[in-house]
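Data first, discussion second: the structure below is written as structure tokens.
The values are calculated or read from the model by the stated rules, or taken from the named source; none is laboratory data. Keep in mind that this is a model prediction, so the values were computed, not measured. Cβ placement follows ideal geometry from the backbone for every residue including glycine, while neighbour counts extend to all protein chains displayed.
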Amino acid sequence: MARYTDASCRLCRREGEKLFLKGQRCYTNKCAVTRRVYAPGQHGQQRKKLSEYGIQLREKQKARRFYGILERQFRRYFEMATKKKGVTGENLLQILESRLDNVVYRLGLATSRPEARQLVNHGHFTVNGKKVNIPSYLVKVGDVIAVREKSKSSPKFKAIREVTEGKLIPKWLELDADNLTGKVVSLPAREDIDIPIQEHLIVELYSK
């Protein structure tokens, strides 16, 4: 499967804001967005006025990069959102938030979405007692996400357990930090999703 292999910090600089792709590094003065507040590339420091299409495109790209999704899969999620009842843009964000790798990140069981994706790929998590190694797996209300028993003793998850203590968890999720398990108590409402995305611009882009 195709995937992005270049430096993650270039994506943040291209969007002009932190996408939190590097875990704790994003909160330090080593963050590339803090050190170089311009887009990457030889023309990155030039100011460009975006057209309406350009603004919509940048918003879509930013959403894709927040969640680490390629274009084909993102468009498929948009098509799913249009078929659901309710506001298409909000439906899209709800679907993106329901991905297993995002839920693992939201529960604090990984320091970033890319790390959560890697941990899921390596088979460290179960959903309702069954191993799931597909990051794009969409969770449902009532699903229980847990670190596998054989993984709990690893240094990685011992360190994560310490980080999760006192972490603010979204109200649509429940976390048992001692047992490294979480539960989906409801689907996220728009006010529960804190990423700076103007989803109506994405809808306008795909509706052309």
| Here are some conditions: (1) in contact with a helix residue (DSSP H, G or I) (Cβ under 7 Å, 6 or more places away or on another chain); (2) over 15 Å from TYR105 (Cβ atoms). LEU180 meets all but one. Which one does it not meet? | (2)
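For every residue, the table says whether it meets (1) under 20 Å from VAL132 (Cα atoms); (2) in a helix (DSSP H, G or I).
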| position | (1), (2) |
| --- | --- |
| LYS156 | yes, yes |
| ILE160 | yes, yes |
| LEU168 | no, no |
| ASN179 | yes, no |
| LYS183 | yes, no |
| said: For the stretch 68-131, give me every one of the helices (runs of 4 or more DSSP H) that falls completely inside it and has 3 or more residues that are over 24 Å from ILE169 (Cβ atoms) and more than 10 Å from the chain's Cα centre (by Cα). | reply: 71-83
| message | Just checking, does the stretch 175-182 include any residue being crowded, with 18+ Cβ neighbours inside 10 Å and over 22 Å from HIS122 (Cα atoms)? | response | no
| query | Do we have GLN56 as part of a helix (DSSP H, G or I), surrounded by 11 or more Cβ atoms within 10 Å (Cβ to Cβ) and at pLDDT 90 or above here? | reply | yes
| query | TRP172 is checked against (1) of a type in the set (A, V, I, L, M, F, W, C); (2) loosely packed, with under 13 Cβ neighbours inside 10 Å; (3) touching a Pro at 6+ places or on another chain (Cβ under 8 Å) and fails just one. What number does that condition carry? | reply | (2)
| remark: Only unsatisfied item for ALA146, checking (1) in contact with an Asp or Glu (Cβ under 6 Å, 6 or more places away or on another chain); (2) in a strand (DSSP E or B); (3) of a type in the set (A, V, I, L, M), is (1)
| field | Hey, TYR105 among the aromatic types (Phe, Trp, Tyr), within 17 Å of GLN73 (Cβ to Cβ) and not assigned by TED's automatic domain parsing to the domain that holds ARG72 or not | value | no
| remark: Apart from one, (1) crowded, with 16+ Cβ neighbours inside 10 Å; (2) assigned by TED's automatic domain parsing to the domain that holds ALA177 all hold for PHE78; the odd one out is (2)
| query | Only one residue in GLU191, GLU174 is charged (D, E, K, R), more than 21 Å from ARG76 (Cβ to Cβ) and in a strand (DSSP E or B), so which one is that? | reply | GLU174
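Here is a yes/no grid of residues against (1) touching a strand residue (DSSP E or B) at 6+ places or on another chain (Cβ under 9 Å); (2) within 15 Å of ASP192 (Cβ to Cβ):
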{"residue": "LEU92", "(1), (2)": "no, yes"}
{"residue": "ASN102", "(1), (2)": "no, yes"}
{"residue": "ARG106", "(1), (2)": "yes, yes"}
{"residue": "PRO114", "(1), (2)": "no, no"}
{"residue": "GLN118", "(1), (2)": "no, no"}
{"residue": "HIS122", "(1), (2)": "no, no"}
{"residue": "ASN128", "(1), (2)": "yes, no"}
{"residue": "PRO155", "(1), (2)": "no, no"}
{"residue": "GLU162", "(1), (2)": "no, no"}
| task | Can you give me the number of residues within the stretch 103-156 that are surrounded by fewer than 20 Cβ atoms within 10 Å (Cβ to Cβ), small (Gly, Ala, Ser) and free of Cβ contacts under 8 Å to residues at least 60 places away in the same chain? | result | 6
